[in-house]
Every structure is written in structure tokens, then in C-alpha cells.
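One structure is given below, encoded as C-alpha cells.
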Amino acid sequence: MQLINKIMIDSALKIAGQINADALLICVDLAEDMTLLPEELKTAIGVIIVSREGEELPEGIRNFVRKLDVPNVNLTRVGKIKLAIAKGVVMNLFRKEDKIVCLSGVPKFGYADSIFVIDVGKEFEILTADYINDIVESVRPEVFNAALNLACEIAAQGRESKKVGTIFVLGDEEKVLQLSRQMIINPFMGYTEEQRNILNPDLAETIKEFSAIDGAFIIKDNGAIITAGRHLNAALDSRDFPAGLGSRHIAAAGITSVTRAAAIVISESSGNVSVYKNGKLFVAIEKPVE
């Protein structure tokens, strides 16, 4: 295994050098094997390791790699790459014109088996929006990432063994509230912004509980949840929307087409997580087949 990983990392770095790639994205657990590489390879290109939340990198590689967290849920190979690149764009690690070499593998096998070359601005299966750098113009990157992590967890786990579908609308909250209406009593009313902030890990289970309620979560740019159970009025005409997607997706695309907000949708039927901005799909992360 170690020899295979060393060869794959070496090959990925060489490809990255030959095509003048902007980064090497490692989407399989190779952190320990990275310490075996020669120093010149370690510093040849920016290396980003995708790892689960809470995992620490080996001390020997912390000085030359960056860590990009993904939620501790089961993801497909392509889903993990999509999620990592979407987060990298939001964190300004990647730009529209960047080329990325991505090293991937099946987690249970413990070694890398695939190398992808991804053009961030052209790879429509990964990122489909025309202008991807304004995805978080009205919300802080850490808030977007926390919401995306939580959405992936809800999609994977459901609630009490039942599938759940919901929407997180992030940023431009004043206009979003004008274009929506409350369907239930606001469950977050009366709490401080710190208590109802999506960045507060103690709130995760509460959010998951309320995700079963019909309607959307409205979240401020700083992560404070304003309300849940909100009906979005600014839906796109379904005739102008791709076939096969339901009312949540239409509502999410609609609200982002008339505001500066971003919206994250969890599909109750498929378990997929989709992100919308400017009325368009930014990225869709497919739920693994059981």
C-alpha cells in the first residue's frame, strides 16, 4: 500500500508540474505517506489534504500542506471532490481559472487509485455557475462551510431514520425576509445571536430537529439563525427550471435570483445536497448509494 501511495503521489505531483497546476488536492487518506516524499516534491506545488472534521495531520507535513475539512459522513468519490472544491472556492483557495490535480481513492481500500485534472471554471460536472467567486458575497465563508457540512450530515443521517428535506438561505436576510412569510411560530425567537448561531456546535442537534419542519432556515451573514419554517415566495417559474427537480430547488433558485443570498437545499427524495446562487446551480453533491 505504501509503495502504491508513494508512486501515485509522485505521479500526481509530476503531472501538476507539467501542466502548471495551481494545486494538488488529495481526497484520500494519504497523510502518513506524504511524510515519505523528498523535500523538493513537498514544496513543488500547493498541497491541500481533504480530511474529516476533527482529524489532525501528522506533524511532519503540517508546514507544507493545507487542511480542508469535510463532514464526517459517507460521500461518493466524486461527491467528496465536489464538496472539497466548492469549499476551496468559498475559502479563496481556488479561483475560476485554476487547474487542480486531484488524487482520489476508495476509503476502505486505504490507497490512491485515481488522478483527475480539473479545470475549475470549465468542469461543469463539478461547478456549473458562470461566476463562482461571488458565491459568498453576502455571507462569511465559515458560515457557508458550517451550513454545507450540516446539510451533508442531515442528508446522510436524516432524522429518526426518516429522510429529511430543507433549505438553508444564507445572507441578504432583510430582502429574503421581505420575499418570504412565516409558516410557524419562530422557534429561534428570544435567543441571543450566539445561542442561535450555526457556528455554535451545541446548536447542531437543534437544527437537525427543526429540519423536519416544512420551510426554510433564514441565516444572517454572521451565522445567526433568524428563523425556521419560512415559505419562500420568489420561486422561479417551473417551466424555466430543469426537469426532475422539485419545489425546494425551484424556491431556492428563485430566492437567490432576486437577492444576494446563497441557498443550500437538501432533497428529501434523493438525499442530494445542492447549492444555488444567482438563480443557478453552483454545485450538487450526490448522496452515496446505500
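Annotations
- Subset of segment 198-215 [in contact with a helix residue (DSSP H, G or I) (Cβ under 7 Å, 6 or more places away or on another chain) and crowded, with 20+ Cβ neighbours inside 10 Å]: I198, I207, S211
- Some residue of segment 117-129 being under 16 Å from the mean Cα position of the chain (by Cα), β-branched (V, I, T) and modelled with pLDDT of 80 or more: yes
- Some residue of segment 233-253 being hydroxyl-bearing (S, T, Y) and modelled with pLDDT under 90: yes
- Selected residue [touching a helix residue (DSSP H, G or I) at 6+ places or on another chain (Cβ under 6 Å) and either of a type in the set (F, W, Y) or at pLDDT below 95 (or both)] from V169, V164: V164
- The residues of segment 27-73 that are modelled with pLDDT under 70, within 20 Å of G105 (Cα to Cα) and not hydroxyl-bearing (S, T, Y), listed by number, are L30, A31, E32, D33, M34, L36, L37.
- Test: residue in segment 16-26 that is outside any helix (DSSP H, G or I), surrounded by 15 or more Cβ atoms within 10 Å (Cβ to Cβ) and either at pLDDT below 85 or among the β-branched types (V, I, T) (or both): yes
The values are calculated or read from the model by the stated rules, or taken from the named source; none is laboratory data. Here the structure is a predicted model, which is why all the values come from computation and not from measurement. Neighbour counts are summed over all protein chains in view; Cβ atoms, including those assigned to glycine, are modelled from backbone coordinates with ideal geometry.
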